[in-house]
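Some notes on the structure that comes next.
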Amino acid sequence: MVDEARPEQPSVPDKSANTWAMACHLSALAGFIGIPFGHIIGPIVFWMLKKEQFPVVDENGKEALNFQISVTIYGLVCALLVLVLIGIPLLIGHNHDRDLFGEREQGAAGPLSALHPLHQVNAAGSANAAAGLCCPAGGADGLPDSA
């Protein structure tokens, strides 16, 4: 006679299945020891080896791969955003106030460096007209005016 009041217990996975499932996740650490794309290759290897033998490995292998591929995509997007949002503005904002010999040049400094080419054209026109320069960073010597 079957006791209907007692629910059926879920089957406990084999310890070796759990070990292989854990290996799917831990193999992603291969990327930290210098293996290119090891964080993706490691889980693929363990998942492909044991996915048909153990259903828990199939499930965990897919989860590990999904996570690692997602993290890779997020990292690439972040790298692109860093280049666009930080790298390019830094290149534009580079302070070109020194020449090859370390002498101060007349030019914009800091956040005004995006105007540097315009200032150079203005300075060239002023030099041609023998007029004094008006530097955005300060006085004619490029240094801030003293009070």
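The values are calculated or read from the model by the stated rules, or taken from the named source; none is laboratory data. Keep in mind the model is a prediction, meaning the values are calculated, not measured. Glycine also receives a Cβ, built like all others from the backbone with ideal geometry; neighbour counts cover every protein chain displayed.
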Original post:
Restricting attention to the stretch 30-43, and to residues there that are buried (at least 18 other Cβ atoms within 10 Å of the Cβ) and aliphatic (A, V, I, L, M), which single residue is nearest to ILE69 (Cα to Cα)?
Top reply: ILE40
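Return yes or no: is GLY75 small (Gly, Ala, Ser), at negative phi and loosely packed, with under 14 Cβ neighbours inside 10 Å? Show your work before the answer.
Details: small (Gly, Ala, Ser): yes; at negative phi: yes; loosely packed, with under 14 Cβ neighbours inside 10 Å: yes.
Yes, satisfied.
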**OP:** Could you list, in sequence order, all residues of the stretch 45-55 that are crowded, with 18+ Cβ neighbours inside 10 Å and either at positive phi or not in a loop (DSSP other than H, G, I, E, B) (or both)?
**Re:** PHE46, TRP47, LYS50
**OP:** With the condition kept exactly as written, say whether any residue in the stretch 9-29 is at pLDDT 90 or above, exposed (fewer than 10 other Cβ atoms within 10 Å of the Cβ) and more than 22 Å from the chain's Cα centre (by Cα).
**Re:** no
Original post:
Residue check: is VAL56 β-branched (Val, Ile, Thr) and in contact with a Pro (Cβ under 7 Å, 6 or more places away or on another chain)?
Top reply: yes
